[in-house]
Amino acid sequence: MDLRFTAEELAFRDSVRAFFETAIPADIRRLVSEGRHLTKQDIVTAHRILNARGWAVPHWPAEWGGQDWSVVQRYIFQEEMQRAAVPPPLPFNTQMVGPVIARFGSAAQKRRFLPPTANIDIWWCQGFSEPGAGSDLASLKTRAERDGDHYVVNGQKTWTTLAQYADWIFCLVRTDRTAKKQQGISFLLIDMTSPGITVRPIITIDDAHEVNEVFFDNVRVPAEHLVGVENKGWDYAKFLLGNERTGIARVGLSKERVARAKQLARETPSGQGTLWDDAAFRMRVARLEVQLKALEITQLRVVAGSTQGSDKPDPNSSILKIRGSELQQATAELLKDIAGPYALPLPDAADDLSNAPAVAPDWAPYAAPAYFNNRKVSIYGGSNEIQRNIIAKAFLGL
Amino acid sequence: MDFDFSDEQLLLKTSVDRLIADAYGDFEQRKTYQAEPAGWSAALWARYAGLGLLGMPFAEADGGFGGGPVETMIVMEAIGRGLVVEPYLATVVLGGGIVRLGGDAAQRARILPQIAAGDLRMAFAHVERQARYDLFDVATTARREGSGFVLHGGKGVVLHGDSADLLVVSARTAGARRDGQGISLFLVDAAAPGVLRRGYPTQDGLRAAEIVFDGVRVAASAMIGAADAALPLIEQVTDSAIAALAAEAVGAMTVLQDITVEYLRTRQQFGVAIGSFQALQHRAADMLVELEQARSMAMYAAMMAEAPDAAQRRAALAAAKVQMNDSSRALGQASIQLHGGIAMTRDYKAGHYFKRLTMIESLFGDSDHHLRQLAAVN
Ligand SMILES: Cc1cc2nc3c(=O)[nH]c(=O)nc-3n(C[C@H](O)[C@H](O)[C@H](O)COP(=O)(O)OP(=O)(O)OC[C@H]3O[C@@H](n4cnc5c(N)ncnc54)[C@H](O)[C@@H]3O)c2cc1C
């Protein structure tokens, strides 16, 4: 057993770190660090800088722009990205639809979609969830009926993250209504400019436009946009959801938040000095660091033990998701608590009365919205209850 | 020992609950109130006055109804259920509370009947940025000049400070920034020269203001209570506010509990109501545990809010605030989780209750602050 990275791995880490800190604009990284919402342009800018360096899709097959990295290198890359508060390349492109097309798509689909997906010339969104199909995803009802060389799609998706920016949507649709739940589902790529698609915003509790409803009314989709085999979409979806083993823990992100919390606590007046002088506060931070260390080592065990390309479900991904989401939420909570009474003002909302004083400190109004927004991380991507069901059933045999 | 309401209190509860249900029963109504210039409803304010709510805690001799902390609890719980946006806490409990408890006869006679009639809004400009939650940490100064005083300094997150007509301002007339002695309270007309206000909406849909006092002149008669000795009064009114907020939080938590359970009954996944999953049943049961602990402490807070022994009172209210904060957080987070995505949306009620509960936590001391107070006297 040895925790240390090799000299080559350390050199790799340093080069990645230097790149993130110099090549990605500081104002974008600051928004990420403060838990604020990025504009479309911010996300595209950061994504393309990474892609120009060959780093937007390092885990893809080499012929489509992937890097021949070891699992440890991939791990380091991801951690460093979070540590530097670099916005991750659009996950719908790089983690979800890209790997599915690369693995199951036709040669023509690969040629057509993979390069622009890697460079975010196409912005993808994920059309899985429906109003009646959340945790019970396989009960989805949006249907696609074959009509000559087209499918005709009718139904509704919801919670579609950033669909307002999307050029294309990858959908799970029902192609066989007679088959058992999971077996009549197909994986379809749909151009968002197709007639019959309506996108309606859903505003979240942090007053952001992050998710949408997407309606399909007799949308005609060329059959060539079916991925893989008809009625095998559930298998591809499982591959997609299991694709990201360790990234879900977001240890780097939580560590970055703790580092920021320490710095802000040192700047936040309290008592005779600052909040950082308060032993109880420092103990709270220390406890979070302990929990993050345990999660980090767990993650490293997974990284060290994993073989590339295995599709088998792994209890560890549920463990990483549960604890990782809890710690993301705990760190967002910590930052909100540091703001104290200054958690109250809404961002950018001060009515301008002339000569009036500023609402201060400037980071604080974003702390509570980030805390509210982070409640989502234990809901999406398989809720924490569903993750516990998986552990109990699949691994404990209960 | 008695945890029951008297007949009069039950009557009050019935009429307040009815009014709030009528005014806030449809969540869309709240948005129309928020859209008014002050960020709350002038018409509702008049209705509160008509029902006697705005003079509830004031003595009959001062134009009030002689209610105590239990009556305030009844009103505030209804406010919590409705997620009311009007400045009841700021005007009646805080500003009105200072005048009620510390004002001389002339001040009480001038101010309290106007509040009760719905004609005067107040705010308590006390918190300063560097003070965090320490009530004695006051840097704003009041310098004697001629027969009056001149105020200099800045106050932050003054609840409903933007629409108040009359402010109660704490300022130092002696001593250093963190001395308990040397703080005085002043009545300041919000329109007085040198008062600079910046109002803003808060995360929970209410309003607050940053206020600067830039050489504001007040007469000697503007002082409330004795010079240099206002801290006990500030502590007393803060304790009243904590008791009031505890009741508000209980009202809000009750609604969150109810809508969560209702959702568990109706939301179907995997062909069954999600409330049939034992994992969710247990969390809903835990929410009720939290709610009832909070309710007990809100009652305790009401019964102790004007206890004669200040040290006992302070400890009791600190304990109440800790339980309230902890219950609010646990119950609020569980409510969102049990709903799934729907509770993340602005169009659904649960998130608004969660946000109000979160902001109540940040007012008048978080749990760390109050635990520190309790640990210090242990
Ligand atoms: C901000 C946000 C962004 C999202 N982005 C996308 C996106 O881009 N594309 C997309 O397709 N989807 C997206 N989702 C949807 C997300 O995947 C779903 O919210 C999630 O699957 C949960 O479904 P639900 O919200 O319908 O909750 P439900 O499934 O109704 O769950 C409600 C509650 O019941 C619990 N529960 C359900 N079943 C069980 C069970 N068997 N045992 C125990 N407890 C159970 C859940 O854990 C939860 O607590 C997003 C969601 C959010 C909040």
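Would you check if there is a residue in the range A:125-140 being within 12 Å of the ligand (Cβ to nearest atom), more than 14 Å from chain B (Cβ to nearest Cβ) and at pLDDT 95 or above? Scanning the range A:125-140, I find at least one residue that is within 12 Å of the ligand (Cβ to nearest atom), more than 14 Å from chain B (Cβ to nearest Cβ) and at pLDDT 95 or above, so the answer is yes. Restricting attention to the range A:265-291, the residues that are buried (at least 21 other Cβ atoms within 10 Å of the Cβ) and more than 11 Å from chain B (Cβ to nearest Cβ) total 1. Taken over the range B:265-275, the residue count meeting the criterion of being surrounded by 13 or more Cβ atoms within 10 Å (Cβ to Cβ) and either more than 9 Å from the ligand (Cβ to nearest atom) or more than 12 Å from chain A (Cβ to nearest Cβ) (or both) is 2. Just so you know, in the range A:141-153 the residues that are charged (D, E, K, R) and assigned to a strand (DSSP E or B) include one that is nearest to the ligand (Cβ to nearest atom), and it is A:Arg143. All of (1) among the hydrophobic types (A, V, I, L, M, F, W, C); (2) in contact with an Asp or Glu (Cβ under 8 Å, 6 or more places away or on another chain); (3) surrounded by fewer than 19 Cβ atoms within 10 Å (Cβ to Cβ) hold for B:Met359 with one exception: (3). Evaluate the range B:225-238: report whether one residue or more is within 14 Å of another protein chain (Cβ to nearest Cβ) and either on the phi < 0 side of the Ramachandran plot or surrounded by 19 or more Cβ atoms within 10 Å (Cβ to Cβ) (or both). Yes: the range B:225-238 contains one or more residues that are within 14 Å of another protein chain (Cβ to nearest Cβ) and either on the phi < 0 side of the Ramachandran plot or surrounded by 19 or more Cβ atoms within 10 Å (Cβ to Cβ) (or both). The number of residues in the range A:193-224 being out of contact with any Gly (no Cβ under 7 Å at 6 or more places or on another chain), buried (at least 20 other Cβ atoms within 10 Å of the Cβ) and over 30 Å from B:His352 (Cβ atoms) comes to 1.
Applying a threshold of 8 Å to beta carbon distances and a minimum spacing of six or more residues, or different chains, the list of pairs starting in the range B:121-133 at a residue that is under 22 Å from B:Leu101 (Cβ atoms) and away from every other protein chain (no Cβ under 13 Å) and ending at one that is surrounded by 24 or more Cβ atoms within 10 Å (Cβ to Cβ) and polar (S, T, N, Q) reads B:Arg121/B:Thr91; B:Met122/B:Thr91; B:Ala123/B:Thr91. With respect to A:Gln109, determine if the residue is closer than 21 Å to A:Ser186 by Cα, more than 14 Å from chain B (Cβ to nearest Cβ), within 16 Å of the ligand (Cβ to nearest atom) and not in a loop (DSSP other than H, G, I, E, B). Spelling it out, it is not the case that A:Gln109 is closer than 21 Å to A:Ser186 by Cα, more than 14 Å from chain B (Cβ to nearest Cβ), within 16 Å of the ligand (Cβ to nearest atom) and not in a loop (DSSP other than H, G, I, E, B). Taking the condition of being within 14 Å of chain B (Cβ to nearest Cβ) and touching a Ser or Thr at 6+ places or on another chain (Cβ under 8 Å), how many residues in the range A:164-222 meet it? Result for the range A:164-222: 9.
Looking at B:Ala209, B:Ala222, B:Ala174, B:Ala191, just one residue is in contact (Cβ under 8 Å) with a residue 40 or more places away in the chain, closer than 30 Å to B:Ile360 by Cα and either within 12 Å of chain A (Cβ to nearest Cβ) or aliphatic (A, V, I, L, M) (or both), and that residue is B:Ala209. Of the residues making up the range B:313-330, those that are within 16 Å of the ligand (Cβ to nearest atom) and either away from chain A (no Cβ under 13 Å) or under 18 Å from A:Asn373 (Cβ atoms) (or both) number 0.
Of the helices (runs of 4 or more DSSP H) contained entirely in the range A:1-83, those carrying at least 1 residues that are exposed (fewer than 15 other Cβ atoms within 10 Å of the Cβ) fall at A:7-23, A:26-33, A:40-52. Only one entry of B:Gly153, B:Gly199 meets the criterion of being at positive phi and either within 12 Å of another protein chain (Cβ to nearest Cβ) or surrounded by fewer than 22 Cβ atoms within 10 Å (Cβ to Cβ) (or both), and that entry is B:Gly153. Which of the strands (runs of 3 or more DSSP E) found entirely inside the range B:92-190 contain at least 1 residues meeting this: farther than 27 Å from B:Gly66 by Cα? Here the list reads B:141-145, B:148-159, B:166-172, B:183-189.
A single entry from B:Gly365, B:Gly351 fulfils the requirement of being free of Cβ contacts under 8 Å to residues at least 40 places away in the same chain, assigned by TED's automatic domain parsing to the domain that holds B:Tyr263 and surrounded by 21 or more Cβ atoms within 10 Å (Cβ to Cβ): B:Gly351.
The values are calculated or read from the model by the stated rules, or taken from the named source; none is laboratory data. In this text the structure is predicted, and so the values were computed from the model without any measurement. Quick reminder, even Gly has a Cβ in these numbers, built from the backbone with ideal geometry, and neighbours come from all protein chains shown.
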